[in-house]
1. Rounded to the nearest 0.05, what FRET efficiency is calculated for ASP212 and ARG326 with R0 set to 25 Å and r the Cβ-Cβ distance?
2. Give the accessible surface of the stretch 239-321 per residue, rounded to a whole number of Å², with probe radius 1.4 Å and ligands, DNA and RNA excluded.
3. Taking amide H atoms as placed 1.01 Å from N in the peptide plane, list the residues 5 or more away in sequence, or in a different chain, whose amide H sits under 5 Å from that of HIS96.
4. Going by amide H atoms built from the backbone, whose H comes under 5 Å of the H on ARG205, apart from near neighbours?
5. Residue-wise, which Karplus ³J(HN,Hα) couplings in Hz belong to the stretch 39-50, taking 6.51 cos²θ - 1.76 cosθ + 1.60, θ = phi - 60°, and x for glycine or proline?
6. Please compute the modelled spin-label separation between GLN91 and ALA170, points set 7 Å along Cα→Cβ, answer in nm with one decimal.
Amino acid sequence: MTTSVGGRRTGTDPSHLTTASPATPAPAEIVLGVYLRALRHTREQTLSDMARYAAVSVSALSRIERGENPLSPRTLHALLQYYGVGARDIQYLSRHLPLTAHGSQHYTPQERRRAYGEDAPSNVARRGRWDKWVDVAGDDATARYAAMTRAASMIVQYAAARIPPGYRTAAYRAAITSPGLCPDPDEPAEPPAWLAHVPRSPEQRRTLLLDDTVLYRPVGGPATMAEQFDHLLHLMEGTTGAGPVDIRVLPHDGPPGAFQLAGGEVGMVTVYDKQMIIGMHITPWYETRSGYARALTESLLQAVAETADRQHSYDLISQAADRWRRAA
């Protein structure tokens, strides 16, 4: 469903999305699939070449890159070693792969009873062993987080303190990734070569929930802020070459949702038809299937449904751009 904002049609209603099922792959498998595909393209290798090297079939490797096949530590180790990833990072990433097959087999018998019990939908504490992954594997961790926001066919994201990756001007990005300003950046100051091989689909549907305090928080000076908010307006209008983006401004003093209590940045993405919660709080984290992921998903969708209309948000961002322009 699209509506008009700033004189143009914009936004796609994501309310039809559902929570990821217990059969959804573990988050590490989804993220590493996107990572492996980008690394392969960076080295200009075909699926056949790398399948032969890793001693798996071409179809198996293709499905691994799409998060559809279990990824064994042995296969991951062989591929990452070929791509030149450091030994310490390989060890960490391999250690966080599920030890069994996809879906409910990730659960212990006790976890399976909890997952499929009568109270499963409302049990926020329900979490299987592989349902959450915190990525602290070297410099590529923040790049993998940025890659997931690019690879998603749909993303609904909340930002409490800063405009997230994918919505930034070059000047704002340089300021927000500066070590002196931001000790825990959500994207690398110098993107690795492989990140360029994760293109953003022109059909990607994006919804950004922006806390209204971000409109007043200076990053890089008034001129940088004015340019940044003008850029958000262009995104909403769909004049940047990609499809229009649905951006909503949330009042910081409104009733908090589960996504706001998560801290930092949090969002839900659909990557290769697989739904996952992603977040940034000091370091990137990912979650699927759990009761907590369900609660965050429902809270994000409720916020989209109940937030002030798109035109009001457009007006607030336009006023912020004018305010920073006068300050400059």
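The values are calculated or read from the model by the stated rules, or taken from the named source; none is laboratory data. If you're wondering where the values come from, they're calculated on a predicted model, not measured in any experiment. Every residue, glycine among them, receives a Cβ derived from its backbone with ideal geometry; neighbour counts consider all protein chains shown. The accessibility values were calculated without ligands, DNA or RNA, using every heavy atom of the protein model including side chains. Shrake-Rupley method; radii C 1.70, N 1.55, O 1.52, S 1.80 Å.
1. With a Förster radius of 25 Å, E is 0.85.
2. 36
3. For HIS96, no residues qualify.
4. MET154, ILE155
5. Rounded to whole hertz, the list is 5, 5, 5, 4, 7, 6, 9, 8, 4, 4, 4, 6.
6. Taking the simple label geometry, ALA170 and GLN91 are separated by 4.0 nm.
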